Amino acid sequence: MGSSGSIIDLFAWGGDGWTRPLLTGLGVTMACACIGYVLGVVLGLAVAFAKLGHNRWLGAAATLYTTLLRGVPPLLVIFLLFFGTNGALMWVARGFGYTGYIEVDAFTVGVMAVAFVSAAYSSEVFRGAHAAIPVGQFEAYTALGLRPFAGLWTVIIPQMFRLALPGLGNVWIMAIKETTLLSVISLAELMRVVGVAGRTTGQPFVFYGVAALVYLVLVAISSRAFHALETRMRWA
Amino acid sequence: MQKAVKNLLSVLVLAAILCGPAVAQDQAEVRIGTDGGYLPWTSTSPSGELTGFEIDLAKQVCDRMKRSCRFTAQPWEGQIPALEQGKYDILVGGIAITPERQKRLAFTQSYANLPINFAAAKTSSLNGKANWQELKAALSGKTIGVQSGTQSQKFVDNELKGDVTVRLYDNQDSLNLDLLAGRVDAAVAGRSPWIALTRTQQGEPIEILSPNIDFEQFNYLGVGVGGLMRKDEEDLRKAWDTALCELKASGELKGISEKWFGFDVSTKPDAKVCGA
C-alpha cells in the first residue's frame, strides 16, 4: 500500500493526496460548530430567562435541562440524540403503518448535539451576566416607563451580552471540540478524516499533528476575535 | 387534546418523510456498514471510496446474490446500535465471531482467520520445523514474548505453560523491540504484524517460523471473522452464506485474500452451511 509516499505526496491536491478530503472535513466541522453554536446561544438565552423568571415549573424544567446536559458526557448526548430521534420517529411511523428504517441525517443530529450542549453551558453564562447587572439599570428602564419586555430587550440583554462575552468565547471553543465526537455517527468531520487518513497511509502522527495544528489555529483565531469584540463592546 | 396530539404526530411523520433520501429504502438494496479505517480489512481512499479485503469480498457476495449493495463507513463504536436499529443489514470489517456477540446477534459463516506464527532471529536456528510438535520441542526452556489479552496468549497458556518462560507485553511495538534486542528468544503473534516487521529494514534479522499455527487443530482459538447481522434477517444470512460457500469453493476468496494480505487467510467452507 502507499505508505512509502513522501509528505508532499500525502498532501497533494487531488489524486491520492489528502488535502481535499481534509478541507472538506474542516468545512463540515466549521459548519456544524457555527450553526450549532448560534442556535445554542439563542436557546441558552431562553433557558437562562426561564430560570430567572417567576414561573416555578419553567424554572425547574430549565434547571433540569442544564443539570442533565452538563452532567452527561457529550458523546452520550450524541448517541442518545442519534439513536433516540431515529427510534422515536420509527415508533411514531409504525403507528401509521410504516415499518422501514427512518434516519435523521447525521449532520442535523450533529448540529442539534452541539446546540443543546452549548445552550446548557451558555445559559449559566447568561445567568451570571444577568446577576452582574446593577439593580439601578432595572429601576432605570422602569422609570423610563418601559414595559418589562421592552426593557429587557433594549437595556438589559445588550449589557448581558457584553458581560457574557468571555464566557461565551469559552463555550464556542467547547463547541469546536465537541464536533470531534461526531464521527461516531458517521459524520465525516475533520477528526474522522484525519483518523482514516492516518490508518490508511500508516502515518498517524503526521495527520494527527496536522489536526492538532488546525484546531490550535482555530482556537487562537477565535480567542483573538472574541478579545477584539470585548474591547469594542467595552465602549459601546 | 387528542386531535392536537394526532396533528403533532402527523407533522412529525411528514417531517421524517421530508428528511430526504435516507428514508426511501429500496427493499432490494443491502446496506453494509464498515469501519473504513482498518487496513487491510477495510479502508478509505482519499477520494472517499471504500477499499479493502472486506469490500472486495462483499462486492463479490452481492454479485453472487444478484442484489445491489450500498456501503456506508461508520466507526466501529456506533456500528452495533445502528445495526440493531436497522440502519444496516450487515456489518463487515474483521469482526471476530465470539459467543458473547452470538447471544444477541447472528453471524454469517467464518470466512477469514489470521494464522498465528512464531518469529525469532534468523540466527536462532528455530526455523524450518515440519510441525508444531518439533517446534514445541525446540522452544523448550526458551523465553517467549507475547502480547497479553490476545489469541496468541491463549495459545501460549494452553500449549507451552511450564516449558518456557513467558513475558507479556502491552502492545506489538514493545514486543518487536524486545525481540530485536534479544530479550526474548522468540515471540508469538498474528501473522500480519510479523509480515509488517520483517518487511522493514529494522526487522531484517527476524524471520517468521514455520509451521503456521493451525486453527483447525487448536479450535479453542476461535473460528475467525464473519459478517454480523440481526437475528431476524434469516433470508439474507442464508443468501450471504451460500455466496460465501461458492466463493470459497471457486478459490475467489483465496484470491482476494492474497491481494490484500499477501497470503491466504480464508477459512474452509462451513460444512453445516455449505454441505459436505
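The values are calculated or read from the model by the stated rules, or taken from the named source; none is laboratory data. In this text, all values refer to a predicted model and were calculated from it rather than measured experimentally. Reconstructed Cβ throughout: ideal geometry from the backbone, glycine too, with neighbour counts over all protein chains shown.
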Some residue of segment B:79-87 being surrounded by 17 or more Cβ atoms within 10 Å (Cβ to Cβ) and assigned to a loop (DSSP other than H, G, I, E, B): yes
Subset of segment A:8-25 (residues that are more than 7 Å from every other protein chain (Cβ to nearest Cβ) and surrounded by 20 or more Cβ atoms within 10 Å (Cβ to Cβ)): A:Leu10, A:Leu22, A:Gly25
Members of segment A:7-34 that are in contact with a Gly (Cβ under 6 Å, 6 or more places away or on another chain) and within 16 Å of A:Val114 (Cα to Cα): A:Cys32
Number of positions in segment B:141-188 that are on the phi > 0 side of the Ramachandran plot and within 23 Å of the chain's Cα centre (by Cα): 1
Tally of residues being facing chain A (nearest Cβ under 7 Å) and part of a loop (DSSP other than H, G, I, E, B) across segment B:25-59: 6
Only one of A:Ala211, A:Ala197, A:Ala175, A:Ala164 that is in contact with a strand residue (DSSP E or B) (Cβ under 9 Å, 6 or more places away or on another chain) and crowded, with 18+ Cβ neighbours inside 10 Å: A:Ala197
Leading residue by the ranking (nearest to B:Asn212 (Cα to Cα)) among those in segment B:90-135 that are touching a helix residue (DSSP H, G or I) at 6+ places or on another chain (Cβ under 7 Å) and of a type in the set (S, T, N, Q): B:Asn117
Helices (runs of 4 or more DSSP H) completely within segment A:19-119 that count 2 or more residues being hydrophobic (A, V, I, L, M, F, W, C) and under 16 Å from the mean Cα position of the chain (by Cα): A:19-52, A:74-95
Which listed residue is at pLDDT 85 or above, of a type in the set (Asp, Glu) and crowded, with 17+ Cβ neighbours inside 10 Å, from B:Asp63, B:Asp35: B:Asp35
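Anything in segment A:182-235 that is part of a helix (DSSP H, G or I) and of a type in the set (Asp, Glu)? List them, or say none. Full working, then the answer.
Start the filter on segment A:182-235 by keeping residues that are part of a helix (DSSP H, G or I), which leaves A:182-185, A:190-201, A:204-234.
Scanning segment A:182-235 gives a single hit, A:Glu230.
Which ones in segment B:60-89 are of a type in the set (S, T, N, Q), more than 21 Å from B:Gln102 (Cβ to Cβ) and facing chain A (nearest Cβ under 9 Å)?
We begin by selecting, within segment B:60-89, every residue of a type in the set (S, T, N, Q); these are B:60, B:68, B:72, B:74, B:79, B:85.
From the residues that got through so far, the ones that are more than 21 Å from B:Gln102 (Cβ to Cβ) too are B:60, B:68, B:72, B:74.
Result: B:Thr72, B:Gln74.
Being free of Cβ contacts under 8 Å to residues at least 12 places away in the same chain and either of a type in the set (Asp, Glu) or within 12 Å of chain B (Cβ to nearest Cβ) (or both) is the filter here, so list the residues in segment A:201-216 that pass it.
Within segment A:201-216, the first condition is being free of Cβ contacts under 8 Å to residues at least 12 places away in the same chain, and the residues that meet it are A:204-205, A:209, A:212-213, A:216.
Answer for segment A:201-216, where residues must be free of Cβ contacts under 8 Å to residues at least 12 places away in the same chain and either of a type in the set (Asp, Glu) or within 12 Å of chain B (Cβ to nearest Cβ) (or both): just A:Pro204.
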Selection count, segment B:105-133, where residues are touching a residue at least 40 places away in the same chain (Cβ under 8 Å) and over 22 Å from B:Cys62 (Cα atoms): 18
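If you take the residues in segment A:181-190 that are within 17 Å of the chain's Cα centre (by Cα) and in contact (Cβ under 8 Å) with a residue 40 or more places away in the chain, which one is farthest from the other protein chains (Cβ to nearest Cβ)? Let's see the steps before the verdict.
Residues of segment A:181-190 within 17 Å of the chain's Cα centre (by Cα): A:181-185, A:187-190.
The next check asks that each one be in contact (Cβ under 8 Å) with a residue 40 or more places away in the chain; those that pass are A:181-182, A:184-185, A:187-190.
Working: A:Leu181: 10, A:Leu182: 10, A:Val184: 4, A:Ile185: 6, A:Leu187: 9, A:Ala188: 8, A:Glu189: 12, A:Leu190: 14 Å.
Across segment A:181-190, the extreme among qualifying residues is A:Leu190.
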Residue within segment B:216-232 that is closer than 20 Å to B:Arg167 by Cβ, in contact with a Lys or Arg (Cβ under 9 Å, 6 or more places away or on another chain) and touching a residue at least 12 places away in the same chain (Cβ under 8 Å) present: no
Residue check, A:Gly145 assigned to a helix (DSSP H, G or I) and away from every other protein chain (no Cβ under 14 Å): no
